[in-house]
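The values are calculated or read from the model by the stated rules, or taken from the named source; none is laboratory data. In this text the structure is predicted, and so the values were computed from the model without any measurement. Ideal geometry is used to build each Cβ from the backbone, glycine not excepted, and the neighbour counts take in all protein chains shown.
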């Protein structure tokens with residue numbers, strides 16, 4: 001199991017926020033922690049870093065290239081999903097063929113994300129949300145500019161797009177187990193961030209899962225919970241690792257890795 005940390009985080013940030021690795025260990029499943037740093041997407045540098053890590057895991061621990069499940073929190077989930085798609089699209093260029101992918105309240109559409117960030121920064125309803133938006137906008141623009149003005153480049157980076165004219169990379173997930181986890185607490189987001197469903201991550205995920213179901217993927221699941229998100233410091237927050245039922249997810253993984 002490969003777990004990718006969120007935007008701006010290090011691999012160590014994941015450890016106190018979830019018990020996934022502990023449950024996995026009890027089932028003889030190896031957990032690898034990694035992070036994309038200040039990246040929202042799997043660009044060439046991030047791809048290379050993950051590839052080197054996975055190649056080392058295969059060499060050092062003798063793991064089969066087909067015995068991997070990738071997962072990620074927030075931006076880490078977006079990176080994990082796109083990397084999984086690339087493994088399916090170009091199997092000769094990547095070291096693994098994942099059995100499954102799961103995301104934890106991840107923003108999976110870079111085009112929609114950027115528009116959401118712009119709206120948040122422009123409205124200035126929430127000081128915390130504005131700070132996060134301005135910081136993310138700066139990193140994105142510094143990399144490849146504004147997504148809608150550089151569609152060709154960002155179409156190769158985003159795992160999904162609500163606008164099918166931009167990208168349809170989800171076709172590479174039609175034959176793989178996919179889960180998207182979300183704590184759908186609309187009231188919390190309104191009260192604490194002055195944001196509506198329109199600015200949620202689960203709107204994108206719901207569309208992704210629906211498209212996969214329409215493609216015939218019977219293992220595409222929208223994993224909805226309510227008021228399950230808590231940080232390790234006790235803070236209530238829907239955007240947290242804890243929205244995942246660790247025992248149930250590892251049971252799901254065991255089924256994939258048989």
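Within segment 15-55, which residues are closer than 22 Å to residue 158 by Cα and in contact (Cβ under 8 Å) with a residue 60 or more places away in the chain?
Selection gives 38, 39, 40, 41, 42, 43.
Are any residues in segment 225-235 surrounded by fewer than 17 Cβ atoms within 10 Å (Cβ to Cβ) and over 17 Å from residue 200 (Cα atoms), and if so, which ones?
Listed by number, the residues that qualify are 231, 232, 233, 234, 235.
Helices (runs of 4 or more DSSP H) wholly in segment 177-258 with at least 1 residues that are under 17 Å from residue 103 (Cα atoms), within 16 Å of the chain's Cα centre (by Cα) and touching a residue at least 40 places away in the same chain (Cβ under 8 Å) - which ones?
Values: elements: 186-193, 202-214, 246-256.
By residue number, 202-214, 246-256.
Quick one: residue 140 ticks every box in (1) in contact (Cβ under 8 Å) with a residue 60 or more places away in the chain; (2) more than 30 Å from residue 256 (Cβ to Cβ); (3) surrounded by fewer than 17 Cβ atoms within 10 Å (Cβ to Cβ) except a single one, so which number is it?
(3)
Condition first: touching a helix residue (DSSP H, G or I) at 6+ places or on another chain (Cβ under 6 Å), more than 20 Å from residue 180 (Cα to Cα) and surrounded by fewer than 23 Cβ atoms within 10 Å (Cβ to Cβ). Now tell me which residues in segment 90-113 satisfy that.
Correct list: 94, 95.
Check 166, 154 and return the single one that is over 19 Å from the mean Cα position of the chain (by Cα), buried (at least 16 other Cβ atoms within 10 Å of the Cβ) and under 15 Å from residue 114 (Cα atoms). Explain how you work it out, then say what you get.
Working: 154 fails: over 19 Å from the mean Cα position of the chain (by Cα).
Of the residues listed, the single one that is over 19 Å from the mean Cα position of the chain (by Cα), buried (at least 16 other Cβ atoms within 10 Å of the Cβ) and under 15 Å from residue 114 (Cα atoms) is 166.
Which of the residues belonging to segment 86-114 are in contact (Cβ under 8 Å) with a residue 24 or more places away in the chain, out of contact with any strand residue (DSSP E or B) (no Cβ under 7 Å at 6 or more places or on another chain) and within 23 Å of residue 144 (Cβ to Cβ)? Write out each step before concluding.
If we filter segment 86-114 for residues that are in contact (Cβ under 8 Å) with a residue 24 or more places away in the chain, which is where we start, we get 86, 88-89, 94-114.
If we keep only those that are out of contact with any strand residue (DSSP E or B) (no Cβ under 7 Å at 6 or more places or on another chain) too, we end up with 86, 88-89, 94-97, 107-114.
Within segment 86-114, 86, 89, 94, 107, 108, 109, 110, 111, 112, 113, 114 meet the criteria.
Taking the residues in segment 1-49 that are part of a loop (DSSP other than H, G, I, E, B) and touching a strand residue (DSSP E or B) at 6+ places or on another chain (Cβ under 7 Å) as candidates, determine which candidate is nearest to residue 60 (Cα to Cα).
The initial filter retains those residues of segment 1-49 that are part of a loop (DSSP other than H, G, I, E, B), namely 1, 5-10, 14, 18-19, 27-31, 35-43.
From what is left, the residues that are touching a strand residue (DSSP E or B) at 6+ places or on another chain (Cβ under 7 Å) are 1, 5-6, 14, 31, 35-36.
Numbers: 1: 15, 5: 22, 6: 26, 14: 23, 31: 13, 35: 20, 36: 22 Å.
Looking at the filtered set, the residue picked out is 31.
Quick one: in segment 236-258, of everything that is touching a helix residue (DSSP H, G or I) at 6+ places or on another chain (Cβ under 8 Å) and surrounded by fewer than 16 Cβ atoms within 10 Å (Cβ to Cβ), which residue is farthest from residue 183 (Cα to Cα)?
247
Does segment 117-134 contain any residue that is in contact with a helix residue (DSSP H, G or I) (Cβ under 6 Å, 6 or more places away or on another chain), surrounded by 21 or more Cβ atoms within 10 Å (Cβ to Cβ) and in a loop (DSSP other than H, G, I, E, B)?
no
Determine whether residue 53 is modelled with pLDDT of 95 or more, assigned to a helix (DSSP H, G or I), in contact with a strand residue (DSSP E or B) (Cβ under 7 Å, 6 or more places away or on another chain) and crowded, with 24+ Cβ neighbours inside 10 Å. Give the derivation first.
Details: modelled with pLDDT of 95 or more: yes; assigned to a helix (DSSP H, G or I): yes; in contact with a strand residue (DSSP E or B) (Cβ under 7 Å, 6 or more places away or on another chain): yes; crowded, with 24+ Cβ neighbours inside 10 Å: no.
So residue 53 fails the test.
Quick check: is even one residue across segment 69-89 surrounded by fewer than 20 Cβ atoms within 10 Å (Cβ to Cβ) and not in a helix (DSSP H, G or I)?
No, segment 69-89 contains no residue that is surrounded by fewer than 20 Cβ atoms within 10 Å (Cβ to Cβ) and not in a helix (DSSP H, G or I).
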